[in-house]
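The values are calculated or read from the model by the stated rules, or taken from the named source; none is laboratory data. Since the structure is predicted, the reported quantities are computational estimates derived from the model, not experimental observations. Note: ideal-geometry Cβ built from the backbone for every residue, glycine included; neighbour counts use all protein chains shown. Accessible surface areas use protein heavy atoms only, side chains included; no ligands, DNA or RNA. Shrake-Rupley method; radii C 1.70, N 1.55, O 1.52, S 1.80 Å.
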Amino acid sequence: RGWARQSGVQTRLLWHKAIDTWGTTTADGRVLSFPDWETGELGVRDLVAGVSRRVTNNGGYKSKGEVEGTAISPSGNLIAFGWQRWDPAAKTEGGYQLRVVGANGGPERIVVSGRDVNYADPQSWSPDEKWVATNVHYESLPGGGKIVLVAADGSQTRTAVTVTDRRPRKAAFSPNGQWLAYNTALQGGSLEPNAQRQDLFV
């Protein structure tokens, strides 16, 4: 007898030998944002055409910095990304920044920065593209962290979640933008992506 036709989810290779997938896709799943570890810059990948291009041109490693976490907006028009700085000014101004840039490049807005900011990892955009849910680690909150809603225009920030004894990880808006889901490791548990002991919240 012949094999029955398979139904359900199908998989296919989208990017062979990918540089990195530390980012998100547009709402239609076509474009992926990612840090280009070969240059230290921000890149985007058209997963259908199989073509990547660079978005920023800050000098990357040559300018003593690198792009880390990234998140592209649902429409693909804007990208939020973490910028780790190693230049001398970082000692007084803060070494980590969250920036927003157009998907075609251009001026960058610094929307989160400061000496107290150790890390800022954008997670997801609100459906209306006005807010970026961002995991922020602070010098003044060792061992903990916050999920901060950052206005895309840099005008304001709102703390959505504060965790004092562990760090929140993933954060995602619901389709209507009214809920935010996130997870953390249980107290004393690992923060690694494959950790078995984690809590999920909304």
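Does the stretch 1-140 classify as rounded, prolate or oblate by the C-alpha gyration tensor (a ≥ b ≥ c root eigenvalues; a/c under 1.5 gives rounded; else a/b over b/c gives prolate, otherwise oblate)?
prolate
For the stretch 53-59, in order, what is each residue's ³J(HN,Hα) by Karplus, 6.51 cos²θ - 1.76 cosθ + 1.60 with θ = phi - 60°, in whole Hz (x at glycine and Pro)?
8, 8, 9, 9, 9, 8, x
So how far apart, in nm, are the two label points at Lys17 and Asn77 if each is 7 Å from Cα heading toward Cβ?
Taking the simple label geometry, Lys17 and Asn77 are separated by 3.7 nm.
Sorted by packing (mean other beta-carbon atoms within 10 Å per residue), highest first, where do 152-159, 108-115, 169-176, 122-129 land?
122-129, 108-115, 169-176, 152-159
In nanometres, what is the gap between the two model label sites at Trp86 and Arg115, each 7 Å from Cα along Cα-to-Cβ?
2.3
If I take R0 = 22 Å and measure r between the Cβ atoms of Ala27 and Ser155 in this structure, what FRET efficiency does the formula 1/(1 + (r/R0)^6) give, to the nearest 0.05?
Between Ala27 and Ser155 the formula returns 0.35.
Taking H placed 1.01 Å from N in the peptide plane, check which residues at least 5 places from Gly114 or on another chain put their amide H under 5 Å from its amide H.
Amide H neighbours of Gly114, under 5 Å, 5+ apart: Tyr96.
Please turn the phi angles of the stretch 80-85 into ³J(HN,Hα) values with the Karplus equation 6.51 cos²θ - 1.76 cosθ + 1.60 (θ = phi - 60°), one per residue in order, whole Hz, x for glycine and proline.
Each residue's phi maps through the Karplus curve to give 9, 8, x, 10, 8, 10 Hz.
Using a 1.4 angstrom probe, figure out how much accessible area the stretch 7-158 has per residue, in square angstrom, rounded to the nearest whole.
About 49 Å² of surface per residue is accessible.
How do the peptides 29-42, 135-148 rank, highest first, by the average count of neighbouring beta carbon atoms within 10 Å per residue?
29-42, 135-148
If amide H atoms are built 1.01 Å from N in the plane of the peptide, which residues on other chains or at least 5 residues away come under 5 Å of the amide H of Thr56?
Leu42
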